[in-house]
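Here is the structure we will look at, set down as structure tokens.
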Amino acid sequence: HISAAADANSDGWQELAPQLVSAPVQVDLLHLPANGQCLLEQLGSTSLPAGDYQQIRLILVANAVPSGPVPSTNACSSLGNIFNCVVDTTGTHTLDLSSEANTGLKIPPGQVMGGPIHVAAGQSVDLNIDFNTCASIIKEGNGNFRLKPTLTAGVVSANTTGISGQIVDNVTSQPIAGAVVTLQFADMSGTDRIAMQELTDSNGHFGFCPLTLPVGAVPDVVVDAITSSGTAYDVTVVFNVTAGTNLGAVPLVAETPATAGASTGPGTIQGAITAINGTTGASIDATVSALQTVTVSSTSHTFTVPLFPTSNSSIQVNSGTSCATGSPAGAFCGSYTLVVPASNPNVGTISAGKVTFTAPASGDVLYTVEADATNPTSNAAICSPASQTTSKDSTNMPLKVTPGATTNAARIDFSGCS
């Protein structure tokens, strides 16, 4: 739609892939394309009126008795009339939707990279929709899975060269499989936010393509890892990586014990979140992030730390969770767990096409925790303010993380959650 304010019932929506109306497709969001291909699925094409398009919506087939066409193949068929599901080692599970089946997965102006999509008369435009699956699937307390979509879109060429490399151990130079690699861009506050995320393959390789980059933006690559035996690797961050760059071997530094026999595992940050509207408890979804800051050439850079798998960072704050002593009277509560590297980052900078790495700084390993509150039904921002941070622990000291230990963060209290 050309209007940023259009809702699901507004006139003027244009079908981007009219083929899907009569023949919807089911996409495996964790499928890894073979032979270095970039795209999971080509959804279709059409002619559009010239204009600047401000927002996009993906309409899902509902988990219900079909009222129209359905995909020709359905990996969820064992569940009956279910078309959105999660398949893991325990079986196939329904992926619950909220409003997305009716109003569509929303890609609003803030998630269209580089601003409105300009479609000029007589010209073609390739549009990429990037689905951050890792951030979009929530396992709720009752064991159900729910979709909380994290999407971006932008204009690309299908042949655009991306950003690639190989993650290796800095001592052995052996590849690290399953490392979490993220592509991050600075927001208006200057904090790097995850735009794309993937795991390295069995040979430690990663590749982001095609790229949907904001005009003039140069991303940073942020990566960490944890082994099957529980040894954590520090974050490595490489700043200002331009499109088309192959970073080559990107080293990760394994956690070293402070003393003989000490832990080489990650650190854990636990904390509580409350929500209230006036004097009444409020139900919210809270997405919690861990942030670290480094200084390069006298300039501070804050980035989002990729969380290790046992984290619980997308939580529900509701009446079903008991509140700890000292919580605001009447508030609803929830708790989170962030499992993170317990050392300072390894920093890479690029000059004349070469990456130079600076070893992790010594001293305390400090974190900031950020929580964003959204409406459980609409995913819209809720509470005033809708985003809060803390850099303190529960004793009001700096939020310091140590290997193998748990640090309790200061409680985050949301109010005005109408």
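What follows draws every value from the coordinates through simple rules; no lab data is involved. This structure is a prediction, so every number in the text was calculated from the model and none was measured. In this analysis, Cβ positions are derived from the backbone assuming ideal geometry, glycine residues included, and neighbour counts consider all displayed protein chains.
Here is how the numbers come out for the structure above:
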item	result
For Glu140, net neighbour charge (Lys/Arg +1, Asp/Glu -1) across residues whose Cβ lies under 14 Å away	+1
Global geometry of the stretch 100-202, whether rounded, prolate or oblate, following the gyration tensor of its Cα atoms and the 1.5 cut on a/c	oblate
Kirkwood-type radius of the stretch 163-252, with distances r between different C-alpha atoms, in Å	13.3
For the stretch 19-156, share of DSSP beta bridges that run antiparallel, in % to the nearest 5	85
Helix-derived mean residue ellipticity, 222 nm - over the chain, DSSP H n ≥ 4, -39500 (n - 2.57), to 500	-500 deg cm²/dmol
In sequence order, calculated HN-Hα J values of the stretch 279-295 (Karplus, 6.51, -1.76, 1.60; Hz; x Gly/Pro)	10, 10, x, 10, 8, 9, 9, 10, 9, 10, 10, 10, 10, 10, 10, 10, 10
Exposure proxy ranking, count of Cβ atoms within 10 Å, fewest first, for Ile284, Ile269	Ile269, Ile284
Sorted largest first, extent of the stretch 264-418 alpha carbons per principal axis (Å)	56, 31, 27
Antiparallel DSSP beta bridges within the stretch 163-252, as percent of all bridges there, nearest 5	80
√(5λ) per eigenvalue of the Cα gyration tensor, the stretch 86-160, largest first, Å	32, 14, 10
Net charge of neighbours whose Cβ lies under 14 Å from the Cβ of Val401, counting Lys and Arg as +1 and Asp and Glu as -1	-3
Equivalent ellipsoid dimensions for the stretch 19-156 as semi-axes, Å, which come from the Cα gyration tensor, largest first	28, 17, 16
Local electrostatic count at Ala254 - Lys and Arg +1, Asp and Glu -1, tallied over other residues with Cβ under 10 Å	-3
Sorted peptide list for 401-409, 134-142, criterion being average Cβ within 10 angstrom, highest first	401-409, 134-142
The stretch 163-252 - percent relative contact order, Cα under 8 Å, separation 6 or more	37
Ordering of 81-93, 113-125 by burial proxy (mean other Cβ atoms within 10 Å per residue, highest first)	81-93, 113-125
Descending semi-axes in whole angstrom, ellipsoid equivalent of the chain, from the Cα gyration tensor	34, 29, 21
Pairs of Lys in the chain closer than 26 Å at Cα, counting only those 8 or more apart or on different chains	4
The chain - share of DSSP beta bridges that are antiparallel (%, nearest 5)	85
Order of Cys383, Cys209, Cys38 under a 10 Å beta carbon neighbour criterion, fewest first	Cys38, Cys209, Cys383
Taking the stretch 19-156 and dividing mean pair separation by its residue count, relative contact order in percent (alpha carbons under 8 Å, at least six apart)	25
Peptide ranges 190-202, 319-331 listed from the most packed, as the mean C-beta count within 10 angstrom indicates	190-202, 319-331
Fewest-first sequence of Leu48, Leu60, Leu183 by Cβ atoms within 10 Å of each Cβ	Leu48, Leu60, Leu183
